[in-house]
1. Considering each of ARG24, ARG75, ARG31 in turn, give the residue that is touching a Cys at 6+ places or on another chain (Cβ under 8 Å) and basic (Lys, Arg).
2. Mind counting the residues in region 60-76 that are among the charged types (D, E, K, R), more than 10 Å from the chain's Cα centre (by Cα) and in a helix (DSSP H, G or I)?
3. Hey, among the residues in region 77-95 that are within 11 Å of the chain's Cα centre (by Cα) and over 15 Å from ARG139 (Cα atoms), which one's surrounded by the most Cβ atoms within 10 Å (Cβ to Cβ)?
4. Do we find a residue being part of a loop (DSSP other than H, G, I, E, B) and in contact with a Phe, Trp or Tyr (Cβ under 7 Å, 6 or more places away or on another chain) anywhere in region 83-91?
5. Return yes when ILE65 is under 30 Å from ARG24 (Cβ atoms) and not basic (Lys, Arg) and no when it is not.
6. Applying the selection to region 105-135, what residues are in contact with a helix residue (DSSP H, G or I) (Cβ under 7 Å, 6 or more places away or on another chain) and within 15 Å of LYS74 (Cα to Cα)?
7. If you take the residues of region 1-34 that are among the aromatic types (Phe, Trp, Tyr) and not in a helix (DSSP H, G or I), which of them is surrounded by the fewest Cβ atoms within 10 Å (Cβ to Cβ)?
8. If I go through region 1-33 residue by residue, how many of them are of a type in the set (D, E, K, R) and in contact (Cβ under 8 Å) with a residue 40 or more places away in the chain?
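No lab work stands behind these numbers, since they all come straight from the coordinates. Predicted model, so just to flag it, every value in this text is computed and none were measured. Backbone-built Cβ (ideal geometry, glycine too); neighbour counts: all protein chains shown.
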Amino acid sequence: MWIPSIHDLEVYYQSLQKAYPKLRNERLMKRGSLEAILDMVKHGKPVLKPTIIQRATILLFDLLIEHCYSDGNKRIGFLSSVVFLRKNGFTFSMNDQKLIQFVLDIASGKYLFKDVEKIVEQNIVKQDLDFTVLELIERYNDVLEALGE
């Protein structure tokens with residue numbers, strides 16, 4: 001199973017900065033929090049040997065809630081979970097409008113971790129396509145744009 005590193009998230013954020021000029025002057029503010037999130041993706045929260053669904057949920061939920069970056073937390077949380085799922089053979093099955101609302105609801109505190117985990121589990125499907133991060137940014141541009149408002 002592929003698990004992202006700090007370097008991977010730095011590359012994703014740099015890609016977002018190139019695609020969205022508003023983020024160009026933003027930066028990582030809480031490296032320790034980001035490292036802790038990635039450690040939970042690797043080792044689990046609260047269980048050991050988490051499933052793909054739990055790992056994707058940790059990326060999505062915790063990156064949104066922890067605010068590791070000065071701006072763009074919804075975008076990096078969403079993009080990181082999409083890349084993680086795709087690299088492990090899955091993708092979200094929700095349409096873009098539902099994805100936008102889902103991420104905004106997480107960010108607003110509407111859901112607990114267990115709620116997000118259940119929704120992720122119900123809304124992913126197998127996907128074995130090759131991709132690049134820039135292709136995913138392009139594919140999900142409407143979602144990423146809406147998350148930046």
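1. Details: ARG24 fails: touching a Cys at 6+ places or on another chain (Cβ under 8 Å); ARG75 fails: touching a Cys at 6+ places or on another chain (Cβ under 8 Å).
Selected residue: ARG31, the only one of ARG24, ARG75, ARG31 that is touching a Cys at 6+ places or on another chain (Cβ under 8 Å) and basic (Lys, Arg).
2. Count: 1.
3. Going through the qualifying residues, I end up with GLY77.
4. yes
5. yes
6. If the condition is that a residue be in contact with a helix residue (DSSP H, G or I) (Cβ under 7 Å, 6 or more places away or on another chain) and within 15 Å of LYS74 (Cα to Cα), then ILE106, ALA107, TYR111, VAL116 are the ones that fit.
7. TRP2
8. The qualifying residues number 4.
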